[in-house]
Amino acid sequence: MMQQPKRHVSFLINTVSVLVISLLSTLAPAYAFLLFLVFYMVFFYIVYRITMRTSKMPPLSELGAPLYKEVDSLKVAVTDPGLNKDLSSQFKFLMVTLAISLLAVFLYPLYNGLAGVYVISYLNNATGNILLSSFINYMTMYTLILVVLYSVRWAVTKKVSSVNLIIPQNFAIYRKGVVINNRNFIQASPTLCFTVNKQRRFIEIQDKSSGGSRIRLYTEKPSTVYEKLVEVGFNECKT
């Protein structure tokens with residue numbers, strides 16, 4: 001199921017990222033800003049891959065015959081009068097998130113211009129080691145940047161509701177779980193639940209423990225999909 005990385009995983013990724021980029025910046029200070037930009041993009045790509053991770057689809061021979069199959073969910077989706085509003089909200093939050101990410105590009109020179117010189121001077125006097133002082137300075141700067149970015153993002157998410165909505169082109173329900181887009185597999189588990197909107201003809205599967213992505217299954221027969229999901233072990237979300 002697509003979900004946000006757990007807190008200890010995020011903390012580990014952040015810690016390792018700061019240590020590695022600080023070391024690289026210390027060894028190649030002339031390319032520190034370029035290294036920062038490259039590493040920053042790689043960091044968010046890793047987080048994205050973890051967020052979008054799903055189980056590997058079992059062989060068709062193991063899945064057997066589908067209990068239900070929707071070959072063209074998008075045909076149903078385009079008739080949903082509320083979809084544009086949902087996608088608009090998601091796009092707005094995406095733009096806000098992008099703007100927050102770009103803030104890092106401005107924080108880097110801001111730190112070096114205002115605080116970096118004094119921090120380096122203090123560390124040089126305290127340690128007497130230029131390389132160690134540079135490493136600690138870079139580590140301080142990158143940690144500060146991450147703290148500011150996470151703080152701003154946290155403040156924004158309190159004001160702007162965000163849902164990472166995923167709409168598969170097709171899906172099939174098997175006894176072992178749900179296959180979306182003929183590629184990604186979702187197996188029933190206690191942390192997953194679904195909601196039904198018969199009027200708009202979709203069912204959303206979500207992770208109630210982490211609040212990650214919602215997978216919206218548009219279908220011509222929401223009642224049938226409801227029955228089949230329950231049959232294979234999925235539970236309806238409790239309000």
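We did not get these values from a lab; they are worked out from the coordinates using the rules stated. The structure presented is a predicted model; accordingly, all values stated were derived computationally and were not measured. Counting neighbours? That spans all protein chains shown, and the Cβs are built from the backbone with ideal geometry, glycine included.
Which one of L107, M41, L229 has its Cα pushed farthest toward the positive end of the charge dipole of the chain, where Lys and Arg give +1 and Asp and Glu give -1 at the Cβ?
Farthest along the dipole direction, towards plus: L229.
Suppose every Lys and Arg Cβ carries +1 and every Asp and Glu Cβ carries -1, with no other charges. What dipole size does region 169-236 come out with about its Cα centre, to the nearest 20 debye? Walk me through the numbers on the way to the answer.
Details: 11 positive and 6 negative charges, 34 e Å.
About 160 debye.
Using only the alpha-carbon atoms, what does region 169-236 span along each of its principal axes? Please give whole angstrom values in decreasing order.
Per principal axis, max minus min of the Cα coordinates gives 28, 23, 22 Å.
Let me check the size of region 121-239 from its C-alpha atoms; what are the radius of gyration and Dmax in Å?
In Å, with Rg to one decimal and Dmax whole: 23.3, 72.
Mind putting a number on the dipole of the chain about its Cα centre? Charges go on the C-beta only, +1 for Lys and Arg and -1 for Asp and Glu, and I need it in Debye to the nearest 20.
Values: 24 positive and 11 negative charges, 83 e Å.
Value, rounded to 20: 400 debye.
Which residue fluctuates most in the GNM of the chain (Cα springs below 10 Å): S73, S89, S61?
With Cα springs under 10 Å in the chain, the top fluctuation among S73, S89, S61 is at S61.
Per the Debye formula with a single identical scatterer at each Cα and no solvent contribution, what log10 I(q)/I(0) holds for the chain at q = 0.08 Å⁻¹?
-0.44
For the chain, list the DSSP H helices whose alpha carbon atoms reach 18 Å or more along the long axis and whose average Kyte-Doolittle value is -0.5 or above? Write out the running numbers ahead of the final one.
Details: long enough: 7-27 (30 Å, 1.51); 32-51 (28 Å, 2.08); 83-111 (42 Å, 1.09); 130-159 (44 Å, 1.09).
Qualifying helices: 7-27, 32-51, 83-111, 130-159.
Looking at the chain, how many pairs of lysines come closer than 16 Å at the Cα, when each pair is eight or more places apart or spans two chains?
Total qualifying Lys-Lys pairs in the chain comes to 13.
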